[in-house]
Structure formats: C-alpha cells, structure tokens
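All remarks here apply to the structure that follows.
The values are calculated or read from the model by the stated rules, or taken from the named source; none is laboratory data. Worth saying up front: this structure is predicted, and the values here are computed from it rather than measured. All Cβ positions, glycine included, derive from the backbone under ideal geometry; neighbour counts span all protein chains shown. Accessible surface areas use protein heavy atoms only, side chains included; no ligands, DNA or RNA. Shrake-Rupley method; radii C 1.70, N 1.55, O 1.52, S 1.80 Å.
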Amino acid sequence: MAIRSTHSLLHLFHYAKPYRIQIVGAIACSIFNTLLDLAPPYLIGVAVDVVVERENSLIARFGIQNVVNQLMVLSLLTIATWGLESLTQYLYDRLWRNLAQTMQHEFRVDAYSHLQELELSFFEDRSTGILLSVLNDDINQLEQFLNTGAHNILWFFTTIIAIGTSFILLAPGISWLAMLPIPFILWGTIAFQNRLAVRYDAVRDQAGLISDRLANNLSGIATVKSFTAEAYERDRVRQESDAYRRSNRRAIALSSAFVPLIRFLVLAGFVTTLYLGGIAVINEHLSIGTYGFMVFIVQSLLWPFTELSEIMDSYQRAMASIRRVMGLLETPIAIRTGAQTIKQVRGEVTIDRVSFTYDGITPVLKNISLHIPAGANVGIVGVTGSGKSTLAKLLLRFYEVQTGNILINRMEIRSLQLQELRRCIGWVSQDLFLFQGTVAENIAYGRIDATPAQIMQAAKLAEAHEFIDRLPQDYDTIVGERGQKLSGGQRQRIAIARALLKDPPILILDEATSAVDNETEAAIQKSLAAITKNRTTIAIAHRLSTIRHCDRIYVMAQGEIVEQGQHDQLLAMQGIYAGLWQVQAGLQTGV
C-alpha cells in the first residue's frame, strides 16, 4: 500500500513540474514558519537563563553584561520572531492555496480532455455518476490536501527534526530516552495507515456509487414520478448512503483508536524527561533554563505524533483520489486520430466488407459493402437490432472498424484526422441531446460563430422556426436540462437545425423524424429537397415514408444487406421491405 501511495505522489509531482518555483517557495515558507513557531520555548529558556545566571547567561557571552539590556535584546528577538512567523504564515497559506486551485484545475481539465478522447464503449461500460465522482469529488479531495495537508506534513517533519536535534545538542545523555517512544509511534503509524488505505479506497468507491445513484435518479425524475417510485428510489438512496456511512465508520473506527494509543507513548517520553532531567539539574549536569526548555518542549517533540494520524488520514484520502484520477488519465485511447486532412469533401462514401461486433462474439454487422456516390440520398431501413445505427457510428469512428474499410473521398477514415472526419459529417441521432441554454445556443452548437440570420435560416429548413417564434423569448428561450422544457418533436427539429447549420457535405439522419408528428414530418419532407441539396444524405429510419423518395434504399436484417433498390422496385420484390410497407400502411398486422 505504501508503494501505491508513493506511486500516486510521484504522479502528483509530475503534474506539479511547471509550478516547481511556487512549490519550492511554499515549502520554504512552511519550514521557516514551523521553525519560527518553535522559537518561543527557546526564548523562554534563554529568559530563565538570563534571570538566573545574569552575567553568566548565554546572551552575556556575546558581550552584553547588563541584565536589563539582555532582556531588551530578548524582547526585540521575540518581536522579530513573531513578525516573521506571521509573514511566513501568510506566504505559505497563499502559496499552497493558490497551488491547490491551479492543480485541481489542471487535473480536472486534463482528466476531462482525456475522457472526451475515449471511445463510446468506455462510457457504455461505466456510469455517469462514477465518472462525475472522479472529476469532482476526487479532484476536490486533492485540493483539500494541498490547501492544508502538505503544510501539515512539512510542519510535522520540521518539528521533529528541529526539536530532536536540539535535544541531542543540549542534553545528549537523556535525549535518547525522551525520543525512545518515536520508533514505536512510527511503526504503529505505518501499520495503521496500511490498514486505513484499504478502507479509504472503499470509501472513495462507495462515494462514486452514491454519486451515480443520485445522478441517475435526477436524470430520470419524470419516470420516477410517473411510476410513483419515489419511496422505492428513496430506499435505494438510503441503502447506498448507509453503505457509504458504514465504509466511513470502518475507517473512522480504526483512525480514532490511533491518538489514545499514542498518548501513552508521549506520556512515557514526557515523564522520562521530567524525571531524568530533574536529576541532571540536581547533580548540576544541566542548567535550570535548559531543563525548563526541555520539559516545555518535549511535548512539542512527541505531541505532533498524535496528529500524525490526521495528517496521514488526509494524505491517504488524497492518494486514493489521485489513484482514481490517474486510473482515468491512464486509460488507453483505443481510437487514435489519423494524420491526413481533406481539402474538399465531395461526400462519396464507400463501405467495403465491414464486419463488427460489440462483445467480440455476437456479430452486429456481417461483411457489409455499399457505395454511396457524392450528393446521393440513400435510405437504410430494417427492424430494431439489424445494425443500422451501428453503421452510422462506425462512419463517425465512434467505434473502430474491426474488419474491412470505410472510405470518404476514397480515403480510409482511419487515416484522417478525427476532427476533420467528424467536421464533414452532420449527425442527427435518435437519442438526441440538447444542452442547458437557449434555443439559439443549441442550434449554433456546431458552429458557434453563426449569425442570428444563419441560425434562423437553419431553423426554417428544419421546420422549427414557427414553434420557436411562439416561445416566450423565441430564440433566447432556455430549453432546460436535456431540453426538458420542449416536446420531443420540438427537440428533434432543433437537433436537425443544429446539423443543418453545420452545413456538412455528409448528413446522417438516424431516426431524425421518429419523435415528430405526421404533420411535422410531412413539412420536413417538403424541405428535404433543400436539406439534401449538394450533400450526401444517409437517412436511417423505421418510418418508410421518411425514405421512400431516396435515390436508393438498403434493407438490413441481422447485420446484412438483404435488399436494395428504389421504393417501387423494393415493393415489387414482395420481400421484407414490402412487408414493412404494408404493415405501416395498415394493410396487414405483421410481416
């Protein structure tokens, strides 16, 4: 466990390299502040020495024989010490806290940037709540550690080294007895922390689970309400929260036992100094001032060990969080961008003997081949699970083609820069997503520099302008999270407008009219001539009315293309397409 923590700390140092000057300054201020904080007991010892020894005191050795002058010098040293202590406290606090803000910012941005580079299968295997827990809770834990924990660690080691050295120099005969408990305290601390690290890893994992539960429930609050499942979901949240509480209790039970046990070891060191130091004074082997200093300062030597548990507690929490963040950052990117760019995309698409499986076992696509000329308008139909949407996602390289090739402009998409590839494709998904913001911001999402006139024109093409104009603030109306203030058809028309404003040479409409009513679909159909003009359009649909006028229609079943042709040709075949058409036209009840 100590190796894992060291590995995590090395990762932290790696990220902190650009800020090493700030780190060195913060470390120096923490060390100087600790040393200055330890100065008062030394000054008290010197004061006692002045009062008792007078002309034979330590200060007198520097040529200041008058006792009043000695006390004046001592007073000035005290003022200087307190002033410098306040200054270094201000500096280390500011430096560490600013560093904490910078580091958490860098970690969060890097982790999020890396997350965006990962393939869709990564997100399908993990919940949003757990990923949010890493990006928020774990990185915030790191921030808290840098705010206070780093200084506390430096304070601890500086205190032990400074006071231990003073003991050895002032009273070598008894100092080793006062420090005798230290090895036992360190051994106990390491043993405690090795067991605590495992428990805090469990706490962080449980925090991710409860975050996932809350995010999932809040996203589906309408479904929860419609099924009157509030009590059921409350119980599930209670169970997750209780599991989090239990995992924390296990960690707390162990960490809380640390200080009471350490107290007895601290007591042994204090009593040893009190007793043996007193005997040394009686035998005139030790001055009264030094004895007073040692009795006073021995607690400062040993008492920090009682706070070592809290320091290590903060450290282990931070290291557990860093391991989770670094686990995300070290997740390999399966889909790497190519190097080639496309100067002018004509929109020609070739799918050459493509096969694909999600789980490595069950084939979703089987040796698919088709050629779509530039500017063509093709439709792809088939029952649910036939592989239609998978084909679109492979074209966008959301997943990597496993067998075969996909080409645009006769160039393999794997050789193209990912941004170039996706910039030339407009995609309207059946699982559409609107961002929290205005209608105009959502339409302009793929083209942030678009003018209001361009946004409005795209909305008109998507048959969205009329309903937008009736909204309270028309294009400035807030759509709500995931567009919840709008109907399904309205959201879908905004998504179409968003893709059209991008003005891509290739447009994929994946069930793009599935959530609109017949009247709106008819209106969009009228606009298709303008929508598909001068661009290649791939329309994936269940509704055959959406694609009946396409230049060519491909019918898929069980991952294969089983029929192809124009609408009338496919009806004449009396095959799968004809059966689907008759069902949707109400001429029969099944295929």
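Details
- When Phe435, Phe467 are compared by accessible area of protein heavy atoms, the largest-first order is Phe435, Phe467, using a 1.4 Å probe.
- Accessible area, probe 1.4 Å, largest first, for residues Met312, Met294: Met312, Met294
- Scattering curve values for the range 68-108, log₁₀ I(q)/I(0), Debye with Cα scatterers, q = 0.20, 0.21, 0.28 Å⁻¹: -0.66, -0.68, -0.84
- Principal axes of the range 104-200: Cα extent on each, largest first, Å: 69, 27, 16
- Scaled against 2.2 N^0.38 Å for its residue count N, the alpha carbon radius of gyration of the range 20-143 is 1.89.
- Measuring with a 1.4 angstrom probe and ignoring ligands and nucleic acids, Val479 comes out at about 0 Å² accessible.
- Working value for the range 402-446: equivalent-ellipsoid semi-axes of 29, 12, 8 Å, each the square root of 5 times a Cα gyration tensor eigenvalue, largest first.
- Identified option (computed Cα Rg over 2.2 N^0.38 Å; candidates (i) 0.95; (ii) 1.44; (iii) 1.13): (ii)
- Antiparallel content of DSSP bridges confined to the chain, in %, to 5: 50
- Of the residues Leu74, Val562, Tyr90, the one whose Cα sits farthest towards the positive end of the charge dipole of the chain is Val562 (charges of +1 on Lys and Arg Cβ, -1 on Asp and Glu Cβ, taken about the Cα centre).
- When Lys225, Lys366 are compared by accessible area of protein heavy atoms, the largest-first order is Lys225, Lys366, using a 1.4 Å probe.
- Globularity ratio of the range 196-277, using Cα Rg and 2.2 N^0.38 Å: 1.90
- Taking N as the residue count of the range 302-348, its C-alpha radius of gyration divided by 2.2 N^0.38 Å amounts to 2.51.
- Nearest-10 value in Å² for the accessible area of Glu307, using the 1.4 Å probe: 80
- From largest to smallest, the equivalent ellipsoid semi-axes obtained for the range 460-505 from the alpha-carbon gyration tensor read 18, 12, 9 Å.
- Counting heavy atoms of the protein chains alone, Asp431 has an accessible area of about 110 Å² for a 1.4 Å probe.
- Lys/Arg +1, Asp/Glu -1 at C-beta; the chain dipole; positive extreme among Ile413, Ala111, Val295: Ile413
- Sorting the segments 101-112, 564-575, 497-508 by their residues' average number of neighbouring beta-carbon atoms within 10 angstrom, most packed first, yields 497-508, 101-112, 564-575.
- Stokes-Einstein D for the range 321-398, Kirkwood Rh over Cα pairs, 4 °C, 1.567 mPa s (µm²/s): 82
- Lysine-lysine proximity count for the chain, Cα under 16 Å, sequence distance 8 or more or distinct chains: 6
- Accessible area per residue, Å², the range 369-506 with all protein chains present, probe 1.4 Å: 45
- Within the chain: Cβ-based charge dipole about Cα centre, in debye rounded to nearest 20 (Lys, Arg +1; Asp, Glu -1): 660
- Counting only Cα atoms, the size of the range 530-574 along its three principal axes is 32, 23, 17 Å, in decreasing order.
- Percentage of interatomic Cα-Cα distances in the range 378-472 larger than 18 Å: 60
- Net charge contributed by nearby residues that have their C-beta within less than 13 Å of Ala231 (K/R +1, D/E -1): +1
- Reciprocal mean inverse distance between Cα atoms of the range 439-519 - Kirkwood radius, Å: 12.6
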